[in-house]
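What follows is a short report on a single structure.
The values are calculated or read from the model by the stated rules, or taken from the named source; none is laboratory data. Not measured: the values here are computed from a predicted model. Heads up, the Cβs are rebuilt from the backbone with ideal geometry, glycines too, and the neighbour counts pull from every protein chain shown.
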Amino acid sequence: MNETPVLQVKDLGIDFGGLTAVNKFNITVRKHQIVGLIGPNGAGKTTVFNMLTKVYDPSRGTIELNGQQINKLSTVEVNKAGIARTFQNIRLFDNLSVIDNVLIGMHNSIKYNTFEGIIRNRRFREQEKEAYQKAIDLLSIFKLQDLMDHPASSLPYGAQRRLEICRALATNPSLLLLDEPAAGMNPSETAELMNTIKDIRDHFDIAILLIEHDMKFVMGICEEITVLNYGTTLAFGAPEEIQNNPEVIKAYLGGA
Amino acid sequence: MAEAVKQPLPVLVIGGSMVFLSYLITGIGLGSVYAIIALGYSMVYGIAKMLNFAHGDVIMIGAYVAFFALSRYNLPAVAAVLLAIAVCTTLGVLIERLAYKPLRQATSLSVLITAIGVSYFLQNMAQLLWSSSPKIFSSIVGNRSLTLFDGKMSIAYINILTIITCIVIMIVLTLFINNTKIGRAMRACSEDKDAAKLMGINVNKTISITFAIGSGLAAIASVLLCSTYPSVYPTLGSMPGIKAFTAAVFGGIGSIPGAFVGGLLLGIIENLSKAYISTQLSDAIVFAVLIIVLLIKPTGILGKKVNEKV
């Protein structure tokens, strides 16, 4: 029980000019856990993700990843430290092939240098071959291996969402942030995605923090849920507790 | 007079086609230099989304370095080329770090003006250091020519060398961009820099490498250019720079095969116009063709179609 959590966020806050978008936000994600972050539109969920990945600089608070403070790191360093993410509005490298998108995720695990890339020595060939194989393995988990040479933009919507997860996993994270992974999916795709997410959690032994509006999805997959409203933590707990929490119901349905 | 009348027509045609062929090959040679320079513009534009108008002046610096290495220090040609590459690569990275990197978040117009400023700075620095009087560059392969068809046709060795160099560069660079990790990082940055950062790609480093490669290629182009047109002076890079930029736009800026096709076409059109129409008008003809191409295909010959999502 005293194990260091994968993610520990304390009193996180950010102001945009005079507007406080997020304030006193706390969350803990333990190893192997799937945690949901929910809240009404505009509650600040994506802003939290942007702070965790240092797209935004938090004005207050601390972020610890596996016990290491990551507040001072850059976006690239945060990724190297072990946080990977997907985007609410899909941001694949559209004109690049499916497999190139995944190989880009592996950028930092491939070690040859620029010069070796120009002269194409043995180290280059071996490492490229290895990375290529790993990318294919990853793609096959998401049933994308047959589409690997197609440009990412040509994929159907659901497949693009899966490719984003695949690309994020390629960076070898210990914490995966999923920003509305089921958005725009039909019920059968959503059900399949739930299984895939559980599978990758087990397969890669990672923790997952996800934002989602589909309550069936959130309640079905998350072991713990944090509710965000007006930039602050409204409630947190197991799915059943959240479902029956009067404050949460009020925030979602409006005060009577 | 009587002899000329008696001369059978086919010989005249063959003779004419030989001359045409020589002009064509010289044009391809010139076009190859444009193509190599155009790569620098195109790659930097594709990845950093800026027009580096100081690129032509990096060529000029490369030419001076090669000139001093060859004529002052009597270094072998290979060593002179390598030295020019080393100096230009360093210069390119330095220019990017000092002049462009601080403006990463600025409007593209500010960056453009800075690039023009860097261009003038380099030209004036060269004028101060080495004076404005032209220096005579001795070709790295001499002034010999390959004579074919009993002397009916001759091709300068430097032309052959230039064309081969250009083809090798295109192949190596295409392989590099398409299947190395840095090449992939470059393409990722060209598509979406923020997403690239979130995937752990160091965007600044990737841009630096792009400038390094572009400037290294400029050094190679400078030696080839000065071996064909053997005078070195501070504004030497301006015209080839503008022409190569035109070639990049012509072929489709941001595209490597585009730079190749654009460069070659530009060189061929320029040389044939000089030969058959008018030396004075050749540049006007080149730009007229460019305008026509851009009217028909605004993104250039091999340019990417811009997909607008609704």
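Structure summary
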{"quantity": "Number of the exception - B:Leu302 against (1) within 14 Å of another protein chain (Cβ to nearest Cβ); (2) closer than 28 Å to B:Gln127 by Cβ; (3) of a type outside the set (S, T, N, Q)", "calculated": "(2)"}
{"quantity": "All positions within region B:113-144 that are among the β-branched types (Val, Ile, Thr) and under 30 Å from B:Tyr157 (Cβ atoms)", "calculated": "B:Ile136, B:Ile140, B:Val141"}
{"quantity": "Failed criterion for A:Asn89 (all others in (1) within 19 Å of the chain's Cα centre (by Cα); (2) more than 14 Å from chain B (Cβ to nearest Cβ); (3) in a loop (DSSP other than H, G, I, E, B) hold)", "calculated": "(2)"}
{"quantity": "2 or more residues under 27 Å from A:Phe16 (Cα atoms): qualifying helices (runs of 4 or more DSSP H) within region A:146-256", "calculated": "A:246-253"}
{"quantity": "Selected residue (criterion: surrounded by the most Cβ atoms within 10 Å (Cβ to Cβ)) from residues of region A:81-118 that are small (Gly, Ala, Ser) and either farther than 24 Å from A:Ile200 by Cα or touching a helix residue (DSSP H, G or I) at 6+ places or on another chain (Cβ under 8 Å) (or both)", "calculated": "A:Gly105"}
{"quantity": "Among the residues listed as B:Leu161, B:Leu173, the single one being in a helix (DSSP H, G or I) and within 14 Å of chain A (Cβ to nearest Cβ)", "calculated": "B:Leu173"}
{"quantity": "Answer from B:Ala196, B:Ala212, B:Ala244 - the residue that is in contact (Cβ under 8 Å) with a residue 24 or more places away in the chain, of a type in the set (A, V, I, L, M, F, W, C) and buried (at least 24 other Cβ atoms within 10 Å of the Cβ)", "calculated": "B:Ala244"}
{"quantity": "Filtered residue count, region A:135-157, keeping only those that are within 13 Å of another protein chain (Cβ to nearest Cβ) and either surrounded by fewer than 17 Cβ atoms within 10 Å (Cβ to Cβ) or among the acidic types (Asp, Glu) (or both)", "calculated": "5"}
{"quantity": "Within region A:215-241, tally of residues that are buried (at least 19 other Cβ atoms within 10 Å of the Cβ) and without any contact (Cβ under 8 Å) to a residue 60 or more places away in the chain", "calculated": "1"}
{"quantity": "Residues within region A:45-79 that are more than 18 Å from A:Lys31 (Cα to Cα) and either in contact (Cβ under 8 Å) with a residue 40 or more places away in the chain or among the polar types (S, T, N, Q) (or both), tallied", "calculated": "17"}
{"quantity": "The listed residue being over 14 Å from the mean Cα position of the chain (by Cα), among the aromatic types (Phe, Trp, Tyr) and modelled with pLDDT under 95, out of B:Phe67, B:Phe53, B:Phe20", "calculated": "B:Phe20"}
{"quantity": "Members of region B:177-193 that are in contact (Cβ under 8 Å) with a residue 24 or more places away in the chain and within 7 Å of another protein chain (Cβ to nearest Cβ)", "calculated": "B:Ile182"}
